[in-house]
Amino acid sequence: LSPSPTHSSVKTMNKKIYDLGLEDFAKLFGTTVSDIPANCRKIIKDSDFRYSKTPRQERIRLMKEISQKIKNNVFSVAGKESKKVWQKKWSDRLHDFVAQDSKTEALTPEYYTPKRLHRLNNNFIEPFDKNFELNFDHVYKYWLFRKYFKEVECVYEFGCGTGRNMCVIARLFPQKKLYCSDWVNSSKKIADLLAKKYGWKLSGFVFDMFNPDLNIKIEKKSAFLTFASLEQLGQDYKAFLKFAIENKIDLFLTVDSIEELYDKHDPFDRLAVKFIKKRNYLSNYLNYLRRLEKKGLIKIIKVQRVRFGNLYHEGYSYIAWKPL
């Protein structure tokens with residue numbers, strides 16, 4: 001990133017100030033400036049995307065600290081056994097949602113709580129605004145969903161959690177049929193309450209990606225979305241992909257930390273890969289898709305590493321593909 005013209009020569013406490021601008025967002029998303037719509041431009045203009053980069057010594061210290069945490073097994077592990085954890089998380093959000101008169105702001109998961117540090121373009125950064133990631137998240141989703149879902153008639157999200165993504169899609173495309181699913185019932189209840197409160201064409205159902213229900217009927221001209229949910233499957237995603245292919249959907253959009261996109265020769269990236277493996281997150285997914293493509297079963301439309309994330313890894317990279 002280049003410092004913005006506004007802040008390029010400004011220093012605070014000997015730290016140069018940068019500003020994430022329109023051109024920077026386009027580069028991160030793998031698109032052009034002209035492809036960024038007006039609503040995204042407004043969020044960028046109205047938000048404070050200034051930040052400073054951590055000095056070299058601080059970067060080294062942070063990397064050592066993260067490496068030690070990984071060795072000490074301080075992180076929870078994804079997988080089938082974590083279902084009770086997610087039941088508790090989404091039940092809490094459901095309670096807050098009802099208590100706050102179904103305001104969508106109540107659906108923000110706890111992992112979006114303000115953070116002092118993030119990673120951006122292979123550096124640790126310190127944003128000025130505590131809501132830096134939430135604002136980034138809004139720009140990203142309004143761009144991504146508009147670009148990839150405009151041609152389909154129905155969108156199914158698997159691992160929808162609190163339904164925040166469907167709120168964006170419903171606002172973008174009020175005429176589309178939307179289906180929220182998760183492996184816990186509290187997510188279904190949130191989806192049904194959203195539909196009732198806002199009049200959206202939205203409904204929820206319980207679905208376990210580890211054990212896909214083959215009796216679920218998928219409508220024609222549909223897209224599947226997994227947003228930071230496929231990570232929970234580790235390498236146990238083949239049955240779910242088979243389910244998607246056999247239903248002949250028009251598009252499958254995955255947003256996640258994609259292991260194959262990291263540079264294994266870069267210590268900064270290697271640390272993220274270690275974190276992913278320690279938590280049993282999504283692994284070998286892109287390689288598997290490439291094998292399916294060679295077999296003529298699918299076509300990969302776009303693979304984009306989005307170099308932004310939390311302290312430990314990048315969670316916004318995306319892959320768009322479709323069955324043939």
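Expressed as a whole number of Å, what is the distance separating the alpha-carbon centroids of region 61-76 and region 278-317?
24 Å
With axes computed from alpha carbons, what is the tilt in degrees of helix 56-71 against the longest principal axis of the chain, rounded to the nearest 10 within 0 to 90?
40 degrees
Given charges of +1 on the Cβ of Lys and Arg and -1 on the Cβ of Asp and Glu, with all other atoms neutral, how large is the dipole of the chain about its Cα centre, in debye to the nearest 20?
Rounded to the nearest 20 debye, it is 400 debye.
Just checking my list [x] 5, 16, 17, 14, 13, 14, 11, 6, 2, 1, 0; [y] 5, 25, 35, 26, 8, 1, 0; [z] 6, 28, 38, 23, 4, 0 against P(r) over Cα pairs in 10 Å bins from 0, in percent computed from this structure; which label fits?
Answer label, from the structure shown: [y].
Have a look at Q304, G315, N284 and report the one farthest towards the positive end of the charge dipole of region 276-321, computed about the Cα centre with Cβ charges (Lys/Arg +1, Asp/Glu -1).
Checked the options; the winner is N284.
How many percent of the accessible area of region 42-128 is carbon or sulfur, using a 1.4 Å probe?
On the way: 2690 of 5220 Å².
After summing per-atom areas, the C and S share lands at 51 percent.
In degrees from 0 to 90, rounded to the nearest 10, what is the angle of the helix 267-278 Cα long axis to the longest principal axis of the chain?
Its long axis makes an angle of about 30 degrees.
Kindly express, to the nearest 10 degrees and within the range 0 to 90, the angle between helix 83-99's C-alpha long axis and the longest C-alpha principal axis of the chain.
Orientation of helix 83-99: about 90 degrees from the principal axis.
Under a Cβ-only charge scheme (Lys and Arg +1, Asp and Glu -1), can you give me the dipole magnitude of region 179-253 about the Cα centre, in debye to the nearest 20? Write out the running numbers ahead of the final one.
Details: 11 positive and 9 negative charges, 78 e Å.
Taking the Cα centre of region 179-253 as origin, the dipole is about 380 debye.
Give me the 1.4 Å probe accessible area per residue for region 34-155, excluding ligands and nucleic acids, in Å².
Result: 54 Å² of accessible area for each residue.
With 25 Å as the limit, write out which pairs from K221/K242; K27/K103; K84/K147; K42/K103; K177/K295; K64/K141 have Cα-Cα distances beyond it, or answer none. Walk me through the numbers on the way to the answer.
Details: K221/K242 18 Å; K27/K103 33 Å; K84/K147 35 Å; K42/K103 22 Å; K177/K295 32 Å; K64/K141 33 Å.
Long pairs (Cα-Cα over 25 Å): K27/K103; K84/K147; K177/K295; K64/K141.
Residues of region 191-324: accessible area per residue at 1.4 Å, in Å²?
On the way: 5950 Å² over 134 residues.
On a per-residue basis, 44 Å².
The values are calculated or read from the model by the stated rules, or taken from the named source; none is laboratory data. Note that this is a predicted model, so its numbers are computed, not measured. Positions of Cβ are generated from backbone atoms using ideal geometry, with glycine treated the same way; all protein chains shown enter the neighbour counts. When the accessible area is computed, the model is the full protein with side chains, heavy atoms only, and any ligands, DNA or RNA have been set aside. Shrake-Rupley method; radii C 1.70, N 1.55, O 1.52, S 1.80 Å.
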